[in-house]
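Since the structure comes first, as structure tokens, the remarks are kept for the end.
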Amino acid sequence: MLKEVENFIKTENLFTEREKLLLAISGGIDSVVLLHVLMQLGFRPVLAHCNFSLRGEESDGDEQFVRDLAEKLNLELLVKRFDTKTYAAQKKLSTQMAARELRYNWFTRLSEERGFTKVVLGHHRDDQLETFLINLFRGSGITGLKAMKAGNGLLVRPLLNTSRKTIEAYAAQHQLVWREDSTNRETNYLRNKIRHSLLIEIEAVDPAYLRKMSESILMLQREEALYRQLLKDFFTNQFQNDEDHKLSKKLFLNHPEGLMLLFEYLKQFGYNYEQAEQIFETLKNSPGRLFYSKSHQLLIDRNTLQIRLLEDNDPEEYFLIQELDEVIEKPILLKISKFDFMSMNDIDKDASCAALDFDQLYFPLHLRRWRQGDRFKPLGMRGEKLVSDFFIDQQFSLFEKQDTWLLINGNQEVIWVIGHRIDDRYKITRRTKMVYQLMLQNRLND
């Protein structure tokens, strides 16, 4: 077994003798055997034990066992006690998930504070098969079926190619002592049912099946890595700007696996498969629909699908502009100038510039988002128009409407749909004495 594990560490490039290792030790047979194997191979890891306070005296007995073992081997031991049930209730997690989260968060924190380059875990081949079957039964794609990786960043699993029987034989050969977790015998957990029943039945049919399952998992891991790289390359080629999450609907609707492609794209923004199904159906019609994840909002526009971060926009929020202000930095960047009309050469007709008749203004002005019922008289028109109708005329998407700010006079009239059109009543004329000019700036270029 020593040679088997040593070769696995080298072939999977898990760690070298120069690395600073933190070994997660529960006191069970897997972690005790792993510790013995590593020491036989010349490694002296720092030990880390989690007491989840879930099994009363049994949990405390595990902790004491690990303390005695560390003292006997003259190894440094770090121990952390957790109030797992309270944490699970606060986070609305199952006890198992809470323990897992607490454990890995602590290992990460220790690594950052103490400079550990790898956290060594005792998962073995049978754990891998159990994880594969659990994910299979719960309904999973390639990501779930690839189960655990031998090396996954900070975490490494040197025993992942070693069976439970081999570990038990090694422990007996070297007369190792360990602690038994009583919950491992309970059959109310799916993992334990698989461990104590299903895997035994599979092995009884053909002992080679378990090995072949492990080989299948390794193949799935390699295929998943290739799949992820191809997806990354595919979507990277669709964007000119990584921050512009805007794609043609045809990209998904014309693809033979458009739904799966859409799901893989949306996962990064927190959308699940059921939402992807709904969105895919909506792509065929119903422009203007919005879909939300916890962090993002997705808009199905006429020809595109657009995604952006959720913003806590208050429609009543506004920002004042005083008469003497020369620069406004929030919520948008505006540069302001005031000068005599006679000194003006030409009117800047760019939509990002508003040249206004100063005498028509009542300070303070203010900036706010548009509201239903807002009206203005677009430059060049005789009558008033709803701002919402102006948006429709300009074929604004919902996101473009959300991004648009209005400049409001002290008499509550709309002066400027910023970046698009001023109100005709505020334009400069031959009677204008002073010009009040606002320039919308691009923050990236300024």
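For region 1-28, which residues satisfy the criterion of being free of Cβ contacts under 8 Å to residues at least 60 places away in the same chain and farther than 30 Å from G61 by Cβ?
Residues satisfying the conditions are K3, E6, N7, K10, T11, T16, E17, R18.
Among N51, N13, N74, which is the only one that is assigned by TED's automatic domain parsing to the domain that holds D181, under 35 Å from the mean Cα position of the chain (by Cα) and on the phi > 0 side of the Ramachandran plot? Can you show your working first?
Details: N51 fails: on the phi > 0 side of the Ramachandran plot; N74 fails: under 35 Å from the mean Cα position of the chain (by Cα).
One residue alone meets the criteria, N13.
Per-residue answers, yes or no, for (1) in contact (Cβ under 8 Å) with a residue 40 or more places away in the chain; (2) surrounded by 14 or more Cβ atoms within 10 Å (Cβ to Cβ); (3) in contact with a strand residue (DSSP E or B) (Cβ under 7 Å, 6 or more places away or on another chain):
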site	(1), (2), (3)
N285	no, no, no
R289	no, yes, yes
L298	no, yes, yes
D301	yes, yes, no
E323	yes, no, no
L333	yes, yes, no
A355	yes, yes, yes
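What number of residues within region 276-315 are under 30 Å from F358 (Cα atoms) and either out of contact with any Lys or Arg (no Cβ under 8 Å at 6 or more places or on another chain) or among the hydroxyl-bearing types (S, T, Y) (or both)?
Keep residues of region 276-315 that are under 30 Å from F358 (Cα atoms), which gives 314-315.
Next, only the ones that are either out of contact with any Lys or Arg (no Cβ under 8 Å at 6 or more places or on another chain) or among the hydroxyl-bearing types (S, T, Y) (or both) stay: 314.
Number of matching residues: 1.
Could you please find all residues in region 244-299 being assigned to a loop (DSSP other than H, G, I, E, B) and among the aromatic types (F, W, Y)? Steps first, answer last, please.
Of region 244-299, the ones assigned to a loop (DSSP other than H, G, I, E, B) are 244-245, 249, 254-257, 268-272, 284-289, 293-295.
Result: F269, Y271.
Just to be sure, is I408 under 22 Å from V327 (Cα atoms), surrounded by fewer than 16 Cβ atoms within 10 Å (Cβ to Cβ) and of a type in the set (A, V, I, L, M)?
On the way: under 22 Å from V327 (Cα atoms): yes; surrounded by fewer than 16 Cβ atoms within 10 Å (Cβ to Cβ): no; of a type in the set (A, V, I, L, M): yes.
It is false that I408 is under 22 Å from V327 (Cα atoms), surrounded by fewer than 16 Cβ atoms within 10 Å (Cβ to Cβ) and of a type in the set (A, V, I, L, M).
Check region 186-196 and report whether any residue there is out of contact with any strand residue (DSSP E or B) (no Cβ under 7 Å at 6 or more places or on another chain), assigned to a helix (DSSP H, G or I) and at pLDDT 90 or above. Spell out the reasoning first.
Our first condition is that a residue be out of contact with any strand residue (DSSP E or B) (no Cβ under 7 Å at 6 or more places or on another chain); within region 186-196, this holds for 186-196.
Restricting the remaining residues to those that are assigned to a helix (DSSP H, G or I) gives 190-196.
The next check asks that each one be at pLDDT 90 or above; those that pass are none.
Among the residues of region 186-196, not one is out of contact with any strand residue (DSSP E or B) (no Cβ under 7 Å at 6 or more places or on another chain), assigned to a helix (DSSP H, G or I) and at pLDDT 90 or above, which makes the answer no.
Tell me whether region 420-436 contains one or more residues that are among the hydroxyl-bearing types (S, T, Y) and under 35 Å from the mean Cα position of the chain (by Cα). Explain how you work it out, then say what you get.
From region 420-436, those among the hydroxyl-bearing types (S, T, Y) are 426, 429, 432, 436; that's our starting set.
Remaining after also requiring under 35 Å from the mean Cα position of the chain (by Cα): none.
For region 420-436, residues among the hydroxyl-bearing types (S, T, Y) and under 35 Å from the mean Cα position of the chain (by Cα): absent.
Which condition does Q175 not pass, out of (1) touching a strand residue (DSSP E or B) at 6+ places or on another chain (Cβ under 9 Å); (2) at positive phi, if it passes all the others?
Condition (1) is where Q175 drops out.
Which members of region 263-273 meet the condition of being touching a residue at least 24 places away in the same chain (Cβ under 8 Å) and over 13 Å from K232 (Cα atoms)? Break it down stepwise before answering.
Restricting attention to region 263-273, the residues satisfying the condition of being touching a residue at least 24 places away in the same chain (Cβ under 8 Å) are 264-266, 269-271.
Within region 263-273, F269, G270, Y271 meet the criteria.
Identify, please: which residue in region 240-266 is within 21 Å of the chain's Cα centre (by Cα) and modelled with pLDDT of 90 or more and is, among those, farthest from R228 (Cα to Cα)? Walk me through it before giving the result.
Here is the first cut: in region 240-266, the ones within 21 Å of the chain's Cα centre (by Cα) are 241-247, 259-266.
With modelled with pLDDT of 90 or more added as a condition, the list becomes 259-266.
Numbers: L259: 16, M260: 13, L261: 11, L262: 14, F263: 13, E264: 9, Y265: 11, L266: 14 Å.
Restricting to residues being within 21 Å of the chain's Cα centre (by Cα) and modelled with pLDDT of 90 or more, the top hit is L259.
State which residue pairs qualify: first residue in the same structural domain as W370 (by TED's automatic domain parsing) and over 12 Å from L438 (Cα atoms) and inside region 413-426, second residue surrounded by fewer than 23 Cβ atoms within 10 Å (Cβ to Cβ) and of a type in the set (K, R) in any location, beta carbons under 6 Å apart, and separation of 6 or more residues or different chains.
Sorted first by the residue in region 413-426, then by its partner, the pairs are D423/K377; D424/K377; R425/K377.
Could you please give the count of residues in region 73-90 that are surrounded by 15 or more Cβ atoms within 10 Å (Cβ to Cβ), assigned to a helix (DSSP H, G or I) and among the aliphatic types (A, V, I, L, M)?
Looking only at that region, the number is 1.
Which of (1) surrounded by fewer than 16 Cβ atoms within 10 Å (Cβ to Cβ); (2) in a helix (DSSP H, G or I); (3) touching a residue at least 12 places away in the same chain (Cβ under 8 Å) is the odd one out, the single condition D60 does not satisfy?
Among (1) surrounded by fewer than 16 Cβ atoms within 10 Å (Cβ to Cβ); (2) in a helix (DSSP H, G or I); (3) touching a residue at least 12 places away in the same chain (Cβ under 8 Å), D60 violates only (3).
Collect the residues in region 148-166 that are assigned to a loop (DSSP other than H, G, I, E, B) and either β-branched (V, I, T) or touching a residue at least 24 places away in the same chain (Cβ under 8 Å) (or both), keeping them in residue-number order. Write out each step before concluding.
Going residue by residue through region 148-166, those that are assigned to a loop (DSSP other than H, G, I, E, B) are 148-150, 153-154, 157-163.
Within region 148-166, M148, K149, A150, L154, R157, P158, L159, L160, N161, T162, S163 qualify.
Kindly establish whether G42 is in a loop (DSSP other than H, G, I, E, B), in the same structural domain as G122 (by TED's automatic domain parsing) and touching a residue at least 40 places away in the same chain (Cβ under 8 Å).
When the stated conditions are applied, G42 does not pass them.
Checking the condition buried (at least 18 other Cβ atoms within 10 Å of the Cβ) and free of Cβ contacts under 8 Å to residues at least 60 places away in the same chain, which residue from A172, A70 passes? Break it down into steps so the answer makes sense when it comes.
Working: A172 fails: buried (at least 18 other Cβ atoms within 10 Å of the Cβ).
One residue alone meets the criteria, A70.
Among the residues of region 114-147, count how many are part of a helix (DSSP H, G or I), under 23 Å from the mean Cα position of the chain (by Cα) and surrounded by 21 or more Cβ atoms within 10 Å (Cβ to Cβ).
Adding up the residues that qualify gives 0.
The values are calculated or read from the model by the stated rules, or taken from the named source; none is laboratory data. The structure presented is a predicted model; accordingly, all values stated were derived computationally and were not measured. Ideal geometry is used to build each Cβ from the backbone, glycine not excepted, and the neighbour counts take in all protein chains shown.
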